[in-house]
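Each remark here refers to the structure printed beneath this line.
All of the numbers you see were taken from the coordinates with simple rules; none came from a lab. A quick note: this is a predicted structure, and the numbers were derived from the prediction, not measured. As a convention, Cβ positions derive from the backbone with ideal geometry for all residues, glycine included, and neighbour counts pool all protein chains shown.
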Amino acid sequence: MNTNTIENVSRRKFLRGMFSTGALVLGVHFFPEALWAAVRKPLFGPDVKDTTFNPNLFVGINRDGTITIVAHRSEMGTGIRTSLPRVLADELDADWTRVKLQQGIGDARYGSQNTDGSHSIREFFDVMREMGGAARLMLVRAAAQRWKVSPDECETRNSMVIHTASGRKLSYGELASAAAKLPVPQKQELQFKPSARWRYIGKSAPMYDLAGVCTGKPLYGLDTNLDGMVYASVEHPPVLGGQVKSYDDAEARRVKGVLRTIQIPTFKPPYAFQALGGVAVVADNTWAALKGRQKLKVEWDNGPNASYNSGEYRKMLQDTARKPGKVVRNEGDVDAVFAKGGKIIEAEYYTPHLAHAPMEPPNAVADYRDGKVTIWAPTQNPQAAQDAVAGALGIKKENVICHVTLLGGAFGRKSMQDYIVEAALLSKEVGKPVKVTWRREDDIKFDYYHSVAAMYMKAALDDSGKPTAWLQRSVFPSLMTTFDANTMYGAPLELGMGWNDIPYSIPNLRVENGPAKAHVRIGWLRSVANIYHAYAVQSFSDELAHVAQRDPVEYLLDLIGPPRIIDLKSIGYWNYNGNAEQYPIDTSRLRKVVEMAAEQAGWGKRKFGKGSGLGIAAHRSFLTYVATVVEVEVSDKGEVKIPRVDTVVDAGLVVNPEVVRNQFEGAAVFGTSVTRTGEITATNGAIDQSNFHNYPVARMNDAPYYTKVTLVESTAPPAGVGEPGVPPFVPAMCNAIFAATGKRIRELPLSKHSLSA
C-alpha cells in the first residue's frame, strides 16, 4: 500500500474538492437501473452550482487525477471496503495508487448498505463494474472528441486514455471536466473488460485500512470525539422487558465528574432495535460514568421473563424435538420405512445460546440539534440506524445522518442498532453530543443471542449401511421474535440454512420444525442457523458412517449422491435470496470440495496414534460450498489441541483471494470458540455470563496451529465468504474428537464433557 497517495478524506473535504476543482462524478439510485435513466446536467465546477448527480457518490475524478471511490458497505475485517472499490477501479482501468476511498454515510440511494449475510460482493459486483464501465466510456468519448477520432480507436490503461494508432495519451484528470459534460451512457452501451484483462479482480491485495489499523490510527467508533461531548453508561434491566420500579441516584451524583442521571423507558414490544431501557449515568468522562453507575440503586420489576431458566428450557426444547413438528420438506414415506423395523439409528443434538463478543463492544456518538441528529457509530447497517433513531426520536429519517466508522469486530451484533438509539435519546435529553460506551459485561449480558437449538435425528439403514429413510426435526426460538414476539416457528430463511436444503440422495426424507418461545433477544450471528443445523446433520452423518463401519469420507460422498441439481422450488426454498438458475444447489460442487479437502488433509494416508484423529464435514451456505477437515490431539487429561485444519472453498468468482483466505482462517478460530466453550445460560431470566472469564473465546493456545485454505477456481457467480467457514468446522471438530477418543459429542460446548482417558 502506498500510504503517500491513498488516504482517508472526510466526506465534506471530498465534496468541497469536487466542487472547487471540476470533476467527473457518477452516482446510483436505490436500483442500479435508475442510473441509466438519469438526465445528466452539465459539468459542475467553480462556475456551476449544481451537481450532475446526487451527492451520494460512487466515483469521482478530479483534475489532478485523484480518483475517489465510495465504499458504501461497512468494514469489520472482511475486506469489503477494499474489495468492492477494486471491482469498480478494475472496470474503470484506474491506477490504484491514485485512489482514495470515502466511507459512504447512510443513504438509501446507495442501494442496500446492510453489511450482513455475506452478500456484498454478490449483490454489488455487477453494479460496481457498471459504475466503473460507465465512467471509463465517458472518459474515452471525451478523449475521442478532443482527438476527433472514433472511440473505437481508443483504449484505456492505468488511468490513461490511449489512441491506439498514434500513441497519443490523456490522463483521466485531464479529461475529467470534458467527460462530465457528456451524457451518461445507456447501460446497454457498456462493453466490459474481459476477465483476461482484469488487473485487480481475482488478485490479492492488502486491506485499504491495514496500515492505519496496525499503527493505531483512530478509525473505530470508540475513537470518535466531539467538542463539548459528554459520556454515558447505561444500567439495563437484568431481565428482558424489565421495568424500573424506582431508583436512587444520590450516591451516583456524588461521584466526581457525574453530571446527571436519565431514565430510558423500556421498549414497547416488539423490541426490534429499540433501546432496552434502564438508567443512564451521564458524566464528563467515561470512567466517571462507569463509577457513578456502580453507585446507582435500582429496584426492578423483572416481568414475565423472570421465570426463564435455561436448564428447564433445554428440557422443554428436547421434549418438543421428540414429537412430530411442522413438516417443511417431505419426500417418499419415512413412516412406512421406519415401521418395517430393521436397523434404526436415533440421535439428539443440542447447542446453547451464543454471544457475539466482538473485540470492540457496542458504542456510538450522537449529536441532536434542532430536530436533527448526526451519528458516528460502528454499524453494519447505517440505514437501519437511521430508521431506528428516527422512530425513537419521532423525526424523519432524512433528518438522521449516520457516519460509519470501522468496526472492531461485529459478527452480526452491530447490525442491531439499540446502542445507537441510546446515544440519540440521551443527546436529545442533555442537549449535547453524547458518547455511549458499553462495558464487556453489557455486551455479553444484553446481547441479541444466537439461538439455542435442539435437533432430533432418525435414520433407517439398509444392509450396506446407507439410509433408506431419514427424519430430522429442529426446534429453536426464531430470530423473527425480534420483530414479532408471538413467532413460534422458524422463518424460511432459518429453515433454509442447512435444514430443508439437506443435499443428500435419500429416497424417503422428512424435515420438520417444532415450536419454541423466546425469552431473550434473538439475533443473527455469523452463519446464523447454519451453525446448529450443520452440527446436527454432519455429526449424524459421521455417526452413521461408523455404525456402517465405512470410511466417513466415502460415506459422506455416498450420502451426497451423484452430481445433480437439487430442485426445491416446490417447498419455497429461500436460497439466500439468490436466483435458483444462477445459484442452483449443485451437488457436484459439494462433492468436489469434499474430495479436495480429504486429499489435502491426507485422509486415509496418515497414521494417527492414541488420542489423535481427523474429522470431516461439508456444508453449503450463503451459496458457497465448503468442506473442512479438522485434526485434533486429545491428551490423557482431556486437553484438546488442533494441529491442523484443511478447508476447501468453492465461492464462485473470488475478487480478493487473500482476504477470502483470511475469512476462512478466522472462521476456524471462531468455530473453535463455538465448539470448545461457547455457552450462554440464564437463571431467573438474567444471563449468567458476564465477561471472558465465564464466556471464554479461543486464545492462541486454543486455536488451530495451522489452517490451510484452498480456493476452487471457478467462473460461477460470486457467493458469500464471511460466514460459510463456520458451519462445517464445528461438526468436523466434533467428528475428529470421536475419531481420537471414541466419545461422541452430541451437546455443545466441549467444556461440558470429560475427554480424559
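Here the Karplus curve 6.51 cos²θ - 1.76 cosθ + 1.60, taken at θ = phi - 60°, turns the phi angles of segment 77-90 into couplings of x, 7, x, 5, 5, 9, 5, 5, x, 5, 5, 4, 4, 5 Hz, with x standing for Gly and Pro.
For segment 522-571, the equivalent ellipsoid derived from the Cα gyration tensor has semi-axes of 25, 18, 8 Å, listed largest first. If you take the Cα centroid of segment 389-467 and the Cα centroid of segment 269-305, the two points sit 17 Å apart. Compute the whole-percent fraction of alpha carbon pairs in segment 253-365 spaced more than 23 Å apart. For segment 253-365, the fraction of Cα-Cα distances above 23 Å is 62 percent. Give the relative contact order (percent, whole number) for segment 574-654; include only Cα pairs under 8 Å separated by 6+ residues. About 30 percent, as a whole number.
In the distance distribution for segment 149-274, Cα-Cα pairs more than 19 Å apart total 76 percent.
Hey, how much of the P(r) for segment 707-757 falls beyond 13 Å, as a percent of Cα pairs?
The proportion of pairs with Cα distances above 13 Å equals 69 percent.
Of all aspartates and glutamates in the structure, the ones whose alpha carbon falls short of 14 Å from that of Lys432, not counting any fewer than 8 places away in one chain, are Asp227, Asp284, Asp367, Asp370, Glu422.
As a length-normalised measure over Cα pairs under 8 Å and 6 or more apart, the relative contact order of the chain settles at 13 percent.
Per-residue ellipticity at 222 nm, computed for the chain from helices alone with -39500 (n - 2.57) per DSSP H run of at least four residues, works out to -8500 deg cm²/dmol.
Dipole size of the chain about its Cα centre, with +1 on Lys/Arg Cβ and -1 on Asp/Glu Cβ: approximately 1260 debye, rounded to the nearest 20. Amide H contacts of Ala682: Ser310, Gly311, Asp688, each under 5 Å away and 5 or more positions distant or on a separate chain (H built 1.01 Å from N in the peptide plane; Pro and chain starts excluded). Greater than 28 Å separation of Cα atoms is the criterion. Which listed pairs, Lys323/Lys343; Lys203/Lys641; Lys641/Lys752; Lys397/Lys435; Lys607/Lys637; Lys466/Lys569, meet it? Pairs exceeding 28 Å: Lys203/Lys641.
Spin-label model, Asp484 to Asp64: label points 7 Å out along the Cα-to-beta-carbon direction sit 5.5 nm apart. Counting 0.36 nm for each residue step from Asn225 to Lys605 and taking away their Cα separation leaves a gain of 131.0 nm. Its alpha carbons considered, segment 96-209 gives a radius of gyration followed by a Dmax of 16.1, 49 Å. Taking the charge dipole of the chain about its Cα centre, with +1 at Lys and Arg Cβ atoms and -1 at Asp and Glu Cβ atoms, the residue from Ile566, Ile61, Pro362 reaching farthest to the positive side is Ile61.
Among the chymotrypsin sites (Phe, Trp or Tyr not before Pro) found in segment 165-250, those both in a DSSP coil and sparsely packed, with 16 or fewer other Cβ atoms within 10 Å of their Cβ, are Phe192, Trp198.
The alpha-carbon atoms of the chain, seen along their principal axes, cover 84, 74, 46 angstrom, with the largest extent given first. Taking 13 Å as the straight-line reach from the Cα of Lys193, the aspartates and glutamates in range (excluding those fewer than 8 positions away in the same chain) are Asp90, Glu91, Asp93, Asp126, Glu130, Glu155. For a straight C-alpha distance cut-off of 18 angstrom, the lysines reachable from Lys100 (same-chain residues fewer than eight places away being disregarded) are Lys13, Lys217. When the chain is described by a simple charge dipole with +1 on each Lys and Arg Cβ and -1 on each Asp and Glu Cβ, the residue from Val258, Tyr448, His753 located farthest towards its positive end is Val258.
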